[in-house]
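> Below is one structure. I have some questions about it.
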Amino acid sequence: MRYSCLECQYVATTAGSLKRHIESKHIGLRYPCCHCEYAATTVRNLTIHIGNKHQGIRAALCWNTHIAEQ
């Protein structure tokens, strides 16, 4: 099955992929890093960023906010 974006030409193979596309490209949803100016388009990308750029900090993430513990 294919899921087409109503705003552009994007076509996803899963409903979740289409949802992420709409949130990041059309709604502008971002997950900001509390340690720098970076803002990710997904929670997963934020987790990867924190692990790569802020070594020694363990991040606990939820859907709406994130809290860093040292």
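The values are calculated or read from the model by the stated rules, or taken from the named source; none is laboratory data. Predicted, not measured: the structure shown is a model, and the values here were computed from it. Neighbour counts are summed over all protein chains in view; Cβ atoms, including those assigned to glycine, are modelled from backbone coordinates with ideal geometry. These accessible areas exclude ligands, DNA and RNA; they are computed on the full protein's heavy atoms, side chains included. Shrake-Rupley method; radii C 1.70, N 1.55, O 1.52, S 1.80 Å.
> Select from segment 1-40 the residues that are part of a helix (DSSP H, G or I) and of a type in the set (Val, Ile, Thr) and list them in ascending order.
Ile22, Ile27
> Take the residues in segment 32-41 that are open to solvent by less than 60 Å² (accessible area, probe 1.4 Å) and within 14 Å of the chain's Cα centre (by Cα), then tell me which one is farthest from Asn52 (Cα to Cα).
Applying the first criterion (open to solvent by less than 60 Å² (accessible area, probe 1.4 Å)) to segment 32-41 yields 33, 36, 39-41.
In the following step, the residues that additionally are within 14 Å of the chain's Cα centre (by Cα) were identified as 33, 39-41.
Details: Cys33: 12, Ala39: 14, Ala40: 13, Thr41: 16 Å.
Top of the filtered list is Thr41.
> What are the residue pairs meeting all of these: first residue in segment 1-22, first residue free of Cβ contacts under 8 Å to residues at least 60 places away in the same chain, second residue open to solvent by 30 Å² or more (accessible area, probe 1.4 Å) and of a type in the set (Val, Ile, Thr), Cβ atoms under 6 Å, and 6 or more apart or on different chains?
Correct list of pairs: Arg2/Val11; Ser4/Val11.
> Could I ask something else about it? With the requirement that a residue be in contact with a Leu (Cβ under 8 Å, 6 or more places away or on another chain) and loosely packed, with under 15 Cβ neighbours inside 10 Å, what does segment 5-31 give you? Steps first, answer last, please.
Of the residues in segment 5-31, the ones in contact with a Leu (Cβ under 8 Å, 6 or more places away or on another chain) are 5, 10, 12, 23, 31.
Within segment 5-31, Cys5, Glu23 qualify.
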